[in-house]
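This report refers to the structure that appears directly beneath it.
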Amino acid sequence: MKKIISCCGAVCSDCKSYPDNCGGCESIHGKAEWINYVGIDVCPIFKCCRTEKEFYSCSKCNDLPCNNYYLYKNPSLTDEEYNQAIDKAVAVLKENIDK
């Protein structure tokens, strides 16, 4: 399967919800399933990156990882797991910056 990476660096194609319940943030326009649990309509990272700054990914942003990465924690993860996920996402973005 082709690796699908969201603008924040999450690897959509590695997610248990992909592709049956979620086609990846690009195809669902940042409306990931976890947003329903925190009372917002679109992921703040997706909104900032794709809508406001019009970047393809956060790898182009000088503030990576910005406060948007820490605003809304995926409720299914512990704080430690969430921080590790952010570190992994940033590493993915840095590895794929020119791809």
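The values are calculated or read from the model by the stated rules, or taken from the named source; none is laboratory data. A quick note: this is a predicted structure, and the numbers were derived from the prediction, not measured. Note that each Cβ is placed from the backbone with ideal geometry, even for glycine, and that neighbours are counted across all protein chains shown. Surface areas here come from the heavy atoms of the whole protein model, side chains and all, with no ligands, DNA or RNA. Shrake-Rupley method; radii C 1.70, N 1.55, O 1.52, S 1.80 Å.
Kindly evaluate residue 36 against the criterion of being assigned to a loop (DSSP other than H, G, I, E, B), of a type in the set (S, T, N, Q) and at pLDDT below 90. Criteria not met by residue 36.
Being in contact with a Leu (Cβ under 6 Å, 6 or more places away or on another chain) and either at pLDDT 95 or above or among the β-branched types (Val, Ile, Thr) (or both) is a property that residue 49 lacks.
For the condition open to solvent by less than 90 Å² (accessible area, probe 1.4 Å) and over 18 Å from residue 4 (Cβ atoms), what is the one hit in 58, 49, 66?
66
The sole residue among 33, 26 that is in contact with a Lys or Arg (Cβ under 9 Å, 6 or more places away or on another chain), surrounded by 13 or more Cβ atoms within 10 Å (Cβ to Cβ) and acidic (Asp, Glu) is 26. Filtering the range 82-95 for residues that are open to solvent by less than 40 Å² (accessible area, probe 1.4 Å) and of a type in the set (S, T, N, Q) leaves an empty set.
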